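The values are calculated or read from the model by the stated rules, or taken from the named source; none is laboratory data. Source: prediction; values computed, not measured. For neighbour counting, all protein chains shown are included, and Cβ atoms are generated from backbone atoms with ideal geometry for every residue, glycine included.
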Amino acid sequence: MTKFISVLAASLILLSACGKDSSKPNIEVIQDMMESPAIKAQEYDESSPNHSGMRVPPEGTQPVGFTPYRYGADFAASAKNKNPLSNDFSEETLKVGLKFYQTNCMLCHGAQGEGGAKLSMGPKMPLVPPPVISDRVTQWTDGQIYHVITMGQGVMGPYASHIPQKYRWQVVNYIRHLQKESK
């Protein structure tokens with residue numbers, strides 16, 4: 001019976017803490033739980049060397065889901081890069097490739113891949129963009145076309161930040177589609 005009374009007393013004490021009186025603040029067991037010491041990136045931080053809350057990430061860190069491009073500036077080695085969508089000329093693949101081609105490539109390389117010489121702005125460019133349907137580009141491997149999209153070539157800058165990694169192979173397949181249609 002004493003065991004029952006002690007359990008009942010403990011239960012009453014615990015339940016009395018569940019009152020609905022919101023005028024009293026919660027008890028802070030750990031001081032930083034209610035007020036975070038975190039600061040926003042744009043805030044002033046006197047403990048930082050440059051007094052900015054924004055920090056440079058540690059060397060070698062990568063965003064979640066990011067796969068580094070392993071060929072760097074080596075165009076010849078990029079020929080080994082295999083296209084996971086090789087010979088996939090389905091409507092869905094070509095639609096995505098067309099979308100990114102029209103947004104990023106068509107202005108310089110033309111709607112049909114004919115190159116900058118046939119475009120109205122071609123003569124105004126310091127170097128005329130080559131046709132993607134030329135024999136030279138046709139002989140490149142899919143990996144080399146992917147490399148040029150990712151890293152750029154000559155006066156063409158990299159488009160890695162413009163065309164997401166998962167869609168670049170679809171652009172490569174769309175360029176292959178333009179090459180087939182031009183013959």
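Between residues in region 124-135 that are in contact (Cβ under 8 Å) with a residue 40 or more places away in the chain and residues that are surrounded by 15 or more Cβ atoms within 10 Å (Cβ to Cβ) and among the acidic types (Asp, Glu), which pairs lie under 8 Å by C-beta distance while being six or more apart or on different chains?
Between residues of region 124-135 that are in contact (Cβ under 8 Å) with a residue 40 or more places away in the chain and residues that are surrounded by 15 or more Cβ atoms within 10 Å (Cβ to Cβ) and among the acidic types (Asp, Glu), the close pairs are Ile133/Glu114.
Collect the residues in region 130-150 that are among the hydroxyl-bearing types (Ser, Thr, Tyr) and assigned to a loop (DSSP other than H, G, I, E, B), keeping them in residue-number order.
Ser134, Thr141
Select from region 151-183 the residues that are of a type in the set (S, T, N, Q) and either crowded, with 19+ Cβ neighbours inside 10 Å or in a strand (DSSP E or B) (or both) and list them in ascending order.
Across region 151-183, the qualifying residues are Gln153, Gln170, Asn173.
Considering each residue of region 127-160, count those that are polar (S, T, N, Q) and under 16 Å from Gly113 (Cα atoms), and give that number.
Looking only at that region, the number is 3.
Of the residues Ala117, Ala160, only one is among the aliphatic types (A, V, I, L, M) and either modelled with pLDDT of 90 or more or touching a Leu at 6+ places or on another chain (Cβ under 9 Å) (or both); which?
Ala160
Can you confirm whether Phe75 is part of a loop (DSSP other than H, G, I, E, B), modelled with pLDDT of 90 or more and surrounded by 10 or more Cβ atoms within 10 Å (Cβ to Cβ)?
Spelling it out, Phe75 is indeed part of a loop (DSSP other than H, G, I, E, B), modelled with pLDDT of 90 or more and surrounded by 10 or more Cβ atoms within 10 Å (Cβ to Cβ).
Within region 93-108, identify whether any single residue is small (Gly, Ala, Ser) and not in a loop (DSSP other than H, G, I, E, B), and answer yes or no.
For region 93-108, residues small (Gly, Ala, Ser) and not in a loop (DSSP other than H, G, I, E, B): present.
Leu127 passes all but one of (1) assigned to a helix (DSSP H, G or I); (2) aliphatic (A, V, I, L, M); (3) at pLDDT below 90; which number fails?
Single failed check for Leu127: (1).
Which of the residues belonging to region 49-105 are more than 22 Å from Gly152 (Cβ to Cβ), of a type in the set (Gly, Ala, Ser) and free of Cβ contacts under 8 Å to residues at least 12 places away in the same chain?
Matches in region 49-105: Ser52, Gly60, Gly65, Ser90.
Listed here are the residues, each with its yes/no results for (1) of a type in the set (D, E, K, R); (2) modelled with pLDDT of 80 or more; (3) within 30 Å of Val137 (Cα to Cα); (4) exposed (fewer than 10 other Cβ atoms within 10 Å of the Cβ).
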site	(1), (2), (3), (4)
Thr2	no, yes, no, yes
Ile13	no, no, no, yes
Lys24	yes, no, no, yes
Ile30	no, no, no, yes
Thr61	no, yes, no, yes
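Quick one: Ala117 ticks every box in (1) in a helix (DSSP H, G or I); (2) touching a residue at least 40 places away in the same chain (Cβ under 8 Å) except a single one, so which number is it?
It fails just one condition, (2).
Regarding region 80-88, can at least one residue be identified that is surrounded by 10 or more Cβ atoms within 10 Å (Cβ to Cβ), of a type in the set (A, V, I, L, M), under 17 Å from Pro164 (Cα atoms) and in contact with a Ser or Thr (Cβ under 9 Å, 6 or more places away or on another chain)?
The answer is yes; a qualifying residue exists.
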